[in-house]
Amino acid sequence: MLEKHYDPKQVEDGKYDKWVKGNYFQAGLDRSKPPFSLVIPPPNVTGKLHLGHAMDTTLEDIITRYKRMKGFDVLWLPGMDHAGIATQAKVEAKLREEGVTRYDLGREGFLKKAWEWKEEYAHTIHEQWKKMGLSIDYSRERFTLDEGLSKAVRHVFVTLYNEGLIYQGERITNWDPELKTALSNIEIVHKDDEGEFFYFRYDVVGTDRSIVVATTRPETMFGDTAVFVNPKDPRYQDLIGKKVINPANGEELPLMADSYVDVSFGTGAMKCTPAHDPNDFNLAKKYHFPLIKVLDETAHMNEKCGIYQGMDRYECRKALVEKIKEEGHLVKIEKIVHSVGHSERSDAVVEPMLSKQWFVKMKPLADKVLERQKTSGKVEFVPKRFEKVLLRWMSNIEDWCISRQLWWGHRIPAYYHKETGEVLVSEEAPDMNLYVQDEDVLDTWFSSALWPFATMGWPNTENPDFQRYFPTSCLVTGYDIIFFWVSRMIFQSLHFTDEVPFKQVVIHGLVRDSLGRKMSKSLGNGIDPMDVIDHYGVDALRYFITTNSTPGMDMRYIEEKVASSEAYLNKIWNACRYVEGVLGENYTPRAIEKKKLGTLDADIMNRLEKTIKKVGSKMDSYEFGQASSVLYDFVYDDFCSNYLEFSKISLSHGGEEAEVTKDVLYKVMKDIILMIYPYTPFVTEEMYLSLPGHRDSIMCEPYPTYEKQFLNKKASDQVQILQSMIRDIRNYKSSNNIAPNAKVRLVVSPKEPFPGSGEYLSRFAFANSYAVKKEILGGNPFIYPGCEMVVEEDVDPTVLLGRLEKQKEVLESEIARSTKILSNPGFVAKAPKEKVELEREKLKNNNDLLKNLLDKIEQIKK
RNA sequence: GGAUGCUUAGCUCAGCGGGAGAGCAUCGCCCUUACAAGGCGGGGGUCGCAGGUUCGAACCCUGUAGCAUCCACCA
């Protein structure tokens with residue numbers, strides 16, 4: 001027997017272990033079923049899971065559990081990501097607290113620490129997955145650094161290299177001076193920072209003239225190789241070709257002309273620093289300038305900078321500007337707000353800097369994606385609009401810098417001959433007496449990009465999982481990693497398997513705090529899902545987080561809504577408790593027989609079928625908010641507020657009528673539980689097990705099916721009249737200061753909505769006597785389609801007339817509306833027939849109602 | 001500079017071509033034997049603004065304002 005109150009803790013206890021032990025999460029046990037597959041977006045082993053993970057994985061779990069019920073053999077493959085930079089930064093930070101650097105430990109020693117870290121956080125993540133109730137297949141769990149994935153990574157690298165799609169080159173890359181590694185373009189976060197725009201006067205050699213050049217990064221002036229103006233700029237025509245003096249170090253620089261320079265920006269004169277600016281780098285290539293690096297890997301000034309050597313870049317900037325000012329070459333300093341690149345991980349200001357890195361040539365790979373998206377074999381985005389995000393990015397893509405100067409990650413399978421320096425790229429290591437391996441590791445996304453197929457045994461295409469479950473059916477992820485992950489999986493998958501990695505990608509938004517701000521450590525506004533679970537239970541959290549937003553839209557974490565989710569579950573819990581009590585221990589479920597149903601039974605069955613159909617279609621299109629809201633209305637209004645209450649009467653009659661009611665209560669209750677189960681597996685399992693005739697687990701049950709035979713509009717129309725009567729009386733009492741449970745006498749004429757409805761009226765409207773008469777006089781009349789009801793209370797005729805007049809006004813305005821629409825020739829001619837018919841019917845009914853009402857008013861006036 | 005999204009009840013949000021909805025908050029009445037973490041009944045919105053399409057627009061189109069996010073540029 002269920003407890004009086006739903007207690008999440010008691011309900012959740014032990015269930016997950018039971019499911020795991022029962023192999024309910026394992027794929028491939030019944031291969032006669034059609035396959036359905038998805039992979040988890042592998043969480044980083046950097047820390048605890050947050051609400052975003054909770055939402056993402058719950059959505060996947062809902063899909064997984066739903067598809068299982070629908071008869072699919074579902075594989076939901078779990079795993080974690082080594083998260084190169086992020087994890088290494090965390091491990092280094094921890095070491096720093098212990099007073100150790102990674103260099104103290106050496107590569108081997110450091111990696112040992114990193115693996116220890118990984119084990120610790122993998123354990124935490126496992127605990128959290130368990131708490132969340134994720135129905136993942138543990139027998140297939142993977143890690144991006146495990147042997148299988150590492151092999152796939154090497155294979156991909158070597159293949160792309162041999163195809164000329166991976167190359168090594170000296171380029172300007174984004175350098176994170178804190179983490180001391182190169183970054184890819186999308187790992188840079190641009191922020192509008194306040195900065196200074198320094199205007200310096202450069203003397204022109206051999207003249208008494210000078211030219212003013214503006215810069216935001218004076219410290220890079222030691223690496224300048226020229227000053228450029230636009231060839232059409234009238235201000236500088238006579239100076240082009242002359243030399244100017246670099247005020248930083250007194251060296252002579254050529255003053256040159258190139259159309260790249262924007263005449264209207266700054267002073268129209270620009271310094272060229274090839275080793276520290278991508279545009280200057282391009283200019284330098286054109287004019288064969290030397291590339292002079294002036295910063296080291298920690299953004300300190302190097303030997304090219306004279307007395308400034310060893311200074312931090314900002315220290316140097318300050319000192320240098322001071323010096324130039326003293327020498328009279330500073331014209332002005334302008335405060336500006338400009339966009340500055342920061343490292344996504346360390347937040348350090350990124351230094352564009354020349355370095356030798358490995359790149360993926362993106363154009364050919366991106367083109368394949370663009371081509372595929374024009375065909376029916378494309379990746380379908382849900383919601384559709386996110387496809388544009390991908391396409392635009394793919395159309396303007398730049399080469400991907402994949403090497404990172406880190407230790408934690410897949411080491412690049414490139415080897416250099418110790419003597420000749422010749423490069424060897426190979427999946428297997430060569431004789432290490434002759435070769436040394438490249439020190440760098442790959443961008444963490446390089447391996448994540450292979451996740452959907454490398455986890456299934458690829459490059460061994462004979463692997464049974466790969467054959468059965470790839471391409472995967474869908475992927476669920478946030479819009480914030482479309483570039484990082486989704487796009488890269490697509491192009492790698494297309495290139496290597498000629499298949500899309502997933503047929504559909506379901507994009508969700510971010511979880512924000514209650515004020516709409518992004519949750520972040522610095523704001524301290526993060527919510528730990530585990531705390532929420534402690535307070536409200538995991539089912540309430542899951543329900544809230546997957547039903548309170550629209551696909552692709554951000555949502556706010558509102559604690560009251562979690563509470564109200566729990567209250568809803570408590571509502572269902574208690575309904576189930578009631579049903580359980582009614583059925584008793586000896587009840588044996590029977591199939592519903594249509595011909596045995598009373599009007600109220602037929603009505604709830606009608607509504608149930610409509611609900612099953614609607615909910616199913618919303619589930620299929622991943623509109624979980626809408627699915628849950630359809631179900632909510634059914635549960636609250638149709639079932640709990642009406643049928644469940646009404647059932648008390650038929651049950652009291654006993655006999656076959658009561659037995660049929662039990663059958664219907666059982667059927668509806670069970671279907672409700674099954675429909676909400678994918679959202680809230682724990683509480684529904686508990687309720688399911690409390691019902692008679694249950695199997696070992698709710699996970700053995702198929703999804704409710706829509707049965708047309710139970711559609712019955714007539715029954716629902718009749719019950720609706722009954723509901724109106726009850727509501728009218730309740731409302732009547734409320735507005736006349738009559739206690740809700742005060743008894744009133746009722747007369748219905750000329751016939752009741754359906755046989756036996758009087759008993760319901762008596763009980764739910766608290767009538768102490770009830771009669772059906774051909775004709776009635778006096779009292780408080782209420783008019784319905786096909787019948788009239790009178791509350792036989794003594795009443796002030798003026799008050800009564802007022803009420804009836806009000807009713808009349810409502811009816812008249814309804815009639816006016818219908819008449820207006822129907823007298824519009826366009827409507828009658830062009831609107832769908834059903835609409836027109838419906839409107840005509842309404843008009844007729846309302847006219848009848850009005851006629852009766854007017855008669856009533858006349859009678860009373862007499 | 002380009003793109004996308006949002007603007008609906010006091011708050012948070014659904015709905016996205018045929019009569020304005022939910023949760024919370026609010027007001028009134030009820031400890032009625034599933035549920036007081038409840039029940040019943042109510043109040044509250046010219047759906048940002050302006051045009052247009054349509055028989056019909058919160059919903060489609062155009063423009064416009066505000067907010068948010070993403071991309072690009074910034075010597």
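The values are calculated or read from the model by the stated rules, or taken from the named source; none is laboratory data. Given the structure is predicted, the values throughout are model-derived calculations rather than measurements. We place every Cβ from the backbone using ideal geometry, glycine too, and count neighbours over all the protein chains shown. Just the protein is used for accessible areas: all its heavy atoms, side chains included, with ligands, DNA and RNA removed. Shrake-Rupley method; radii C 1.70, N 1.55, O 1.52, S 1.80 Å.
Candidates A:F265, A:F289: the one that is under 53 Å from the mean Cα position of the chain (by Cα), part of a loop (DSSP other than H, G, I, E, B) and touching a residue at least 40 places away in the same chain (Cβ under 8 Å) is A:F289. As an exercise: evaluate A:P247 against (1) in contact with a His (Cβ under 8 Å, 6 or more places away or on another chain); (2) assigned to a loop (DSSP other than H, G, I, E, B); (3) near RNA strand B (Cβ under 9 Å from one of its atoms); (4) not hydroxyl-bearing (S, T, Y) and give the number of the one condition it does not meet. Here A:P247 meets the rest and fails (3). Just to be sure, is A:V660 hydrophobic (A, V, I, L, M, F, W, C) and touching a residue at least 60 places away in the same chain (Cβ under 8 Å)? Against the criterion (hydrophobic (A, V, I, L, M, F, W, C) and touching a residue at least 60 places away in the same chain (Cβ under 8 Å)), A:V660 qualifies. Here A:E559, A:E566 are screened, and the one residue that is surrounded by fewer than 16 Cβ atoms within 10 Å (Cβ to Cβ), in contact (Cβ under 8 Å) with a residue 24 or more places away in the chain and within 14 Å of RNA strand B (Cβ to nearest atom) is A:E559.
Considering each of A:V227, A:V205, A:V156 in turn, give the residue that is surrounded by 18 or more Cβ atoms within 10 Å (Cβ to Cβ), β-branched (V, I, T) and within 30 Å of A:V294 (Cβ to Cβ).
A:V227
Checking each residue in segment A:725-741 for being under 18 Å from A:P753 (Cβ atoms) and either hydroxyl-bearing (S, T, Y) or surrounded by 14 or more Cβ atoms within 10 Å (Cβ to Cβ) (or both) picks out A:M725, A:I726, A:D728, A:I729, A:R730, A:Y732.
Is one or more of the residues making up segment A:644-661 in a helix (DSSP H, G or I) and within 24 Å of A:E566 (Cβ to Cβ)? The answer is yes; a qualifying residue exists. Out of A:S647, A:S628, A:S617, A:S652, one residue alone is surrounded by fewer than 21 Cβ atoms within 10 Å (Cβ to Cβ) and within 11 Å of RNA strand B (Cβ to nearest atom). It is A:S652. Would segment A:411-430 turn up any residue that is modelled with pLDDT of 95 or more, under 26 Å from A:F483 (Cβ atoms) and either among the charged types (D, E, K, R) or under 29 Å from the mean Cα position of the chain (by Cα) (or both)? Yes: segment A:411-430 contains one or more residues that are modelled with pLDDT of 95 or more, under 26 Å from A:F483 (Cβ atoms) and either among the charged types (D, E, K, R) or under 29 Å from the mean Cα position of the chain (by Cα) (or both).
Rundown of residues vs (1) assigned to a helix (DSSP H, G or I); (2) within 16 Å of RNA strand B (Cβ to nearest atom); (3) acidic (D, E); (4) surrounded by 17 or more Cβ atoms within 10 Å (Cβ to Cβ), yes/no style:
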| site | (1), (2), (3), (4) |
| --- | --- |
| A:S769 | no, no, no, no |
| A:F782 | no, yes, no, yes |
| A:N846 | yes, yes, no, yes |
| A:L854 | yes, no, no, no |
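I'd like the full set of residues that are part of a loop (DSSP other than H, G, I, E, B) and touching a helix residue (DSSP H, G or I) at 6+ places or on another chain (Cβ under 7 Å), limited to segment A:4-26.
The initial filter retains those residues of segment A:4-26 that are part of a loop (DSSP other than H, G, I, E, B), namely A:4-7, A:13-14, A:22-26.
Across segment A:4-26, the qualifying residues are A:H5, A:Y6, A:Y24, A:F25, A:Q26.
Quick check on this structure: which one of A:V810, A:V836, A:V799 is of a type in the set (A, V, I, L, M), assigned to a helix (DSSP H, G or I) and open to solvent by 80 Å² or more (accessible area, probe 1.4 Å)?
On the way: A:V836 fails: open to solvent by 80 Å² or more (accessible area, probe 1.4 Å); A:V799 fails: open to solvent by 80 Å² or more (accessible area, probe 1.4 Å).
Exactly one of A:V810, A:V836, A:V799 is of a type in the set (A, V, I, L, M), assigned to a helix (DSSP H, G or I) and open to solvent by 80 Å² or more (accessible area, probe 1.4 Å), namely A:V810.
Taken together, A:C316, A:C305 contain a single residue that is among the hydrophobic types (A, V, I, L, M, F, W, C), farther than 19 Å from A:G169 by Cα, in contact with an Asp or Glu (Cβ under 7 Å, 6 or more places away or on another chain) and buried (at least 21 other Cβ atoms within 10 Å of the Cβ), which is A:C316.
Between A:D431, A:D440, the distinction of being charged (D, E, K, R), open to solvent by 10 Å² or more (accessible area, probe 1.4 Å) and more than 22 Å from A:W358 (Cα to Cα) belongs to A:D431 only. One residue stands out among those in segment A:380-407 that are farther than 24 Å from A:F157 by Cβ and either of a type in the set (D, E) or assigned to a loop (DSSP other than H, G, I, E, B) (or both): the one that is nearest to RNA strand B (Cβ to nearest atom), which is A:R385. Screening A:G310 with (1) farther than 27 Å from A:D193 by Cα; (2) surrounded by fewer than 16 Cβ atoms within 10 Å (Cβ to Cβ) gives one miss only, at (1).
For A:L390, state whether it is crowded, with 20+ Cβ neighbours inside 10 Å and over 30 Å from A:T220 (Cα atoms). For A:L390, the condition - crowded, with 20+ Cβ neighbours inside 10 Å and over 30 Å from A:T220 (Cα atoms) - is met. Of the residues A:W115, A:W175, A:W129, the single one that is among the aromatic types (F, W, Y), within 29 Å of A:W19 (Cα to Cα) and not in a loop (DSSP other than H, G, I, E, B) is A:W129.
For segment A:820-833, the condition holds for at least one residue, the condition being that it is in a loop (DSSP other than H, G, I, E, B), closer than 26 Å to A:Q720 by Cβ and open to solvent by less than 90 Å² (accessible area, probe 1.4 Å).
In segment A:466-475, is there at least one residue being part of a helix (DSSP H, G or I), open to solvent by less than 10 Å² (accessible area, probe 1.4 Å), within 26 Å of A:G52 (Cα to Cα) and of a type outside the set (G, A, S)?
Step one: of segment A:466-475, the residues part of a helix (DSSP H, G or I) are A:466-469.
So of that shortlist, the ones also open to solvent by less than 10 Å² (accessible area, probe 1.4 Å) come out as A:469.
If we keep only those that are within 26 Å of A:G52 (Cα to Cα) too, we end up with none.
No, segment A:466-475 contains no residue that is part of a helix (DSSP H, G or I), open to solvent by less than 10 Å² (accessible area, probe 1.4 Å), within 26 Å of A:G52 (Cα to Cα) and of a type outside the set (G, A, S).
Here segment A:495-506 is the region considered, the condition is being out of contact with any Phe, Trp or Tyr (no Cβ under 9 Å at 6 or more places or on another chain) and under 11 Å from A:V379 (Cα atoms), and the residue that is most open to solvent (accessible area, probe 1.4 Å) is A:K503.
Criterion first (more than 19 Å from A:F491 (Cβ to Cβ), among the small types (G, A, S) and open to solvent by less than 40 Å² (accessible area, probe 1.4 Å)) does A:S426 satisfy it?
Details: more than 19 Å from A:F491 (Cβ to Cβ): yes; among the small types (G, A, S): yes; open to solvent by less than 40 Å² (accessible area, probe 1.4 Å): yes.
It is true that A:S426 is more than 19 Å from A:F491 (Cβ to Cβ), among the small types (G, A, S) and open to solvent by less than 40 Å² (accessible area, probe 1.4 Å).
Residues in segment A:256-269 that are near RNA strand B (Cβ under 6 Å from one of its atoms) and either within 14 Å of A:L239 (Cβ to Cβ) or β-branched (V, I, T) (or both): A:V261 only. A single entry from A:F143, A:F222, A:F198 fulfils the requirement of being within 11 Å of RNA strand B (Cβ to nearest atom) and surrounded by 15 or more Cβ atoms within 10 Å (Cβ to Cβ): A:F198. Taken together, the residues in segment A:795-811 that are free of Cβ contacts under 8 Å to residues at least 12 places away in the same chain, within 22 Å of A:R745 (Cβ to Cβ) and charged (D, E, K, R) amount to 1. Of all the residues in segment A:254-289, those that are in contact with a helix residue (DSSP H, G or I) (Cβ under 8 Å, 6 or more places away or on another chain), open to solvent by 10 Å² or more (accessible area, probe 1.4 Å) and within 18 Å of A:E351 (Cα to Cα) number 2. Which ones in segment A:93-103 are at negative phi and surrounded by fewer than 20 Cβ atoms within 10 Å (Cβ to Cβ)? Within segment A:93-103, A:A93, A:K94, A:L95, A:R96, A:E97, A:E98, A:V100, A:T101, A:Y103 meet the criteria.
To keep it simple, each residue is scored yes or no on (1) away from RNA strand B (no atom under 16 Å from the Cβ); (2) at pLDDT 85 or above.
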{"position": "A:C787", "(1), (2)": "yes, yes"}
{"position": "A:P797", "(1), (2)": "yes, no"}
{"position": "A:L804", "(1), (2)": "yes, no"}
{"position": "A:S818", "(1), (2)": "no, yes"}
{"position": "A:L822", "(1), (2)": "no, yes"}
